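Down below is the structure, laid out as structure tokens.
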Amino acid sequence: MKLDPQLLEFAKTMRSNATDAEHLMWQLLRAKRFMNLKFRRQHVIKPYIVDFYCHEIGLVIELDGSQHGMDDAIEYDAERTKFLEALGLTVVRYWNHDVLGRSEVVLEDLWRVCTKLKQTSLLRSSAVHLLKGEGWDDRVRQIQFLQ
């Protein structure tokens, strides 16, 4: 499915005009600096652009400024989260002021979320291998063959 070029261009513009909180979070996440996970910033998940996205564990990170406390924004964010979760993604939200002033608390929470998602991903991957017949017996045969 081809993405809307205007949406991609808008995401690119948003990367250039990051908030202070987004800039700090990107410095912490980029280049696999956090738990060796690859994050993308201002990533398009049509019809939305999410602040940060990790495909490996299906995680969306949203950073919210004070405007997200308004009634209409709360409703919009809830609809957006519901849409993303229906795709099987996990969405976490942090306030900009927490990222800037309490980044250690944000990172501790993010560490906990990512650890849980990595474990879930590993279990899911193991189950797929077992369903494909790549279970214990196959691994024992591989080891015996190598000896």
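Summary of values
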quantity	calculated
Virtual paramagnetic centre 7 Å along Cα→Cβ of ALA86, amide N under 19 Å, in the range 37-62	44-50, 59-60
In nm, spacing of pseudo-spin labels at VAL105 and LEU8 (7 Å Cα→C-beta vector)	4.0
Solvent-accessible heavy-atom area per residue, rounded to whole Å², over the range 1-90 at 1.4 Å	61
Backbone HN-Hα couplings from phi across the range 95-103 [Karplus 6.51/-1.76/1.60, Hz, Gly and Pro as x]	6, 3, 5, 6, 4, 7, x, 9, 4
The range 56-102, accessible surface, carbon-and-sulfur percent (1.4 angstrom probe)	55
Candidate aspartates and glutamates for bridging to LYS82, where Cα separation is under 18 Å - those fewer than 8 sequence places away on the same chain excluded	ASP51, GLU62, ASP64, ASP71, ASP72
Under 22 Å from LYS2, Cα to Cα: lysines that are on another chain or at least 8 residues apart	LYS12, LYS46
Label point 7 Å beyond Cα of ASP98 along Cβ direction - residues of the range 60-85 with amide nitrogen under 12 Å	62-65
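The values are calculated or read from the model by the stated rules, or taken from the named source; none is laboratory data. Keep in mind it's a predicted model, so treat the numbers as computed, not measured. Cβ coordinates were reconstructed from backbone atoms using ideal geometry, including for glycine residues, and neighbour counts include every protein chain displayed. We work out accessible area using only protein heavy atoms, side chains counted, and drop any ligands, DNA or RNA first. Shrake-Rupley method; radii C 1.70, N 1.55, O 1.52, S 1.80 Å.
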